Amino acid sequence: MRAILTDVLSVFHVVNRALISTFLFLLWHTLHAQPRTLTLEEAVELAKTNSPYYFRAKNTYERSYWRYQNFKARFKPQIRLSASVPTFFRSINPVTQPDGSIEFRKVNQANNSVGINVVQNVGLTGGQLRFGTALQRTDNFLAGQASYFLSSPFTLSYDQSSLLYNELKWRKLIEPLTFETAQRGYMEDLEETGLKAVGLFFEGLTVQVAVEISQTNQANTDTLYKISKERFSIGKLTENELLQLELNTLNAQNQVNEAKVNLEIASQNLKRILGLPLTEQLVYTIPPPIPALTISPEVALIEAKNNRKALVDFKNQRLEADRQIAEAKGANSINLGVIANVGTQQTAARLGDSYSNLQSRQYVGVNIDVPIQDWGYRKSQIKLAKANRELVEVTVKQEEINFEQEIYLQALRFNQQNSQLMVAQKADTIAHRRLEITKQRYLLGKISTTDLNIALNETVQARQNFVNVLKTYWTSFYTLRRLTLFDFSRNEKITYEVERF
């Protein structure tokens, strides 16, 4: 029994040593893991390549890309093979005789056919041109009936459903604009992704600054509390002032704990967007302002008109409204359709003979559909399309005004942030300097605890105000980038390499 107990204890000690070693290793790894220093520019670039917003923008562009490729393929010749191998049927069919009587005859056949056609849409007219060749074989299995071939070596046909409305012509005008809108929209989506990263970055930076402030306050209050206890013991400080300092110490500890939790939450949110490991520790770097950058509202508006998708979309909306008017007029007036077919044919019992002494074949048809009385249907359709065109024009003009106003005001707002940032930065420096002087005077007993608390609060407010103004500054800058697709810090147009799918 003692031997068994000894063995069990030995195993327990081995397992215990292994667990302790593993714990010490993980603790060492955690303590010695190097935190990642993250700048604002790095966060923006990571978001544009790793975030869910990037993949959504990419997918949106990909769908537009393939839609446009599908449209262009409509104007390229298509080669089609059609075949029926074999078709067998046996039945008794009624056959009308020359005298009008009906005679029932047995049918026992097998049909085989194959054909190749080249189809080409004609954008100029909106019709379809078809060139092809075909061969058919019919086998009769009843006695006294012969099998035969039917060849169509050459067939050229043209089909157009309407001469008054050309759908292909309008699509050739609209689809390239639609694709250009998608290309510019892809770049705007990436800039919007960068703007989201800016917001999350400054959320983390703001909380990090709050942690630093709270830790500094905790250190200051601890030091002052220890000194104040000595002054209280010799009667140079009232009990009320000592209790106030002790309360400040407790509040500082709570602020540190709360700020650390908020920092972890903000960092987790940012790391999810940037595609970084959730266990990685982030240290935010305070971004400096761009030196001596003033953006002209007029220049910003010019760049926006040259680069944004909105201007292309406005043109596209007008074209689409014009297309609807043309369609209403074409579909509700005299409707003319044309079909023409020329080629050769021959039939014979032998394959070679079916290609000899070819017979010509022609067919030309014109379809006419004229509305005589529609009780105002045609007129109302056209009026409705025209009213829609007027509505589109009014809406687009208002959107153009809003477009220009937004960019103009955003440029003014950014320029205003320059002076506000300088004031906030100077106020932050002065508040820290004043706090140091106040602490020295407090230690000398020249000011009260209330004056010290006021200096501490003013320092916190000045630091937080500086970070908030810096956040507004960079948010305004990246918002202006998105609105203009122009990088004013580098004085160049923003472009992204578009993937070829």
Over region 354-483, the quotient of the Cα radius of gyration and 2.2 N^0.38 Å is 2.67
Using the structure shown, select from K58/K315; K309/K493; K309/K397; K309/K386 the pairs with a Cα to Cα distance greater than 21 angstrom. K58/K315; K309/K386
Hey, can you grab everything whose amide H is under 5 Å from the amide H of R36? Only 5+ residues off in sequence or another chain; H modelled, so Pro and N-termini drop out. Q281, L282, V283
Please go through the residue pairs K271/K305; K226/K471; K226/K260 and name each one whose alpha carbons sit more than 29 Å apart in this structure. K271/K305; K226/K471
Cβ under 12 Å from A321's Cβ, A321 left aside: what net charge do those residues give with Lys, Arg +1 and Asp, Glu -1? 0
The chain: Rg to Rh, with Rh as the Kirkwood radius over Cα pairs: 1.27
Plugging the Cβ-Cβ distance of Y408 and E45 into 1/(1 + (r/R0)^6) at R0 = 25 Å yields, to the nearest 0.05, a FRET efficiency of 0.30
Fewest to most neighbouring Cβ within 10 Å: what's the order for R74, R463? R74, R463
Once R0 is set to 30 Å, what does the formula 1/(1 + (r/R0)^6) return for the Cβ-Cβ distance between V366 and N117, expressed as a FRET efficiency to the nearest 0.05? 0.85
Relative contact order in percent for the chain (Cα pairs under 8 Å, 6+ apart) equals 18 percent
With contacts defined as alpha carbon pairs under 8 Å and 6 or more residues apart, what's the relative contact order of region 266-398 in percent? 24 percent
Looking only at aspartates and glutamates whose Cα falls under 14 Å of K169's and that sit 8 or more positions away or on another chain, we get E320, D322, E327
For region 252-277 and region 342-420, distance of Cα centres in Å: 54 Å
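Each reported figure results from applying straightforward, stated rules to the coordinates on display, with no laboratory input. The shown structure was predicted, so the numbers you read here are calculated from the model rather than taken from an experiment. Heads up, the Cβs are rebuilt from the backbone with ideal geometry, glycines too, and the neighbour counts pull from every protein chain shown.
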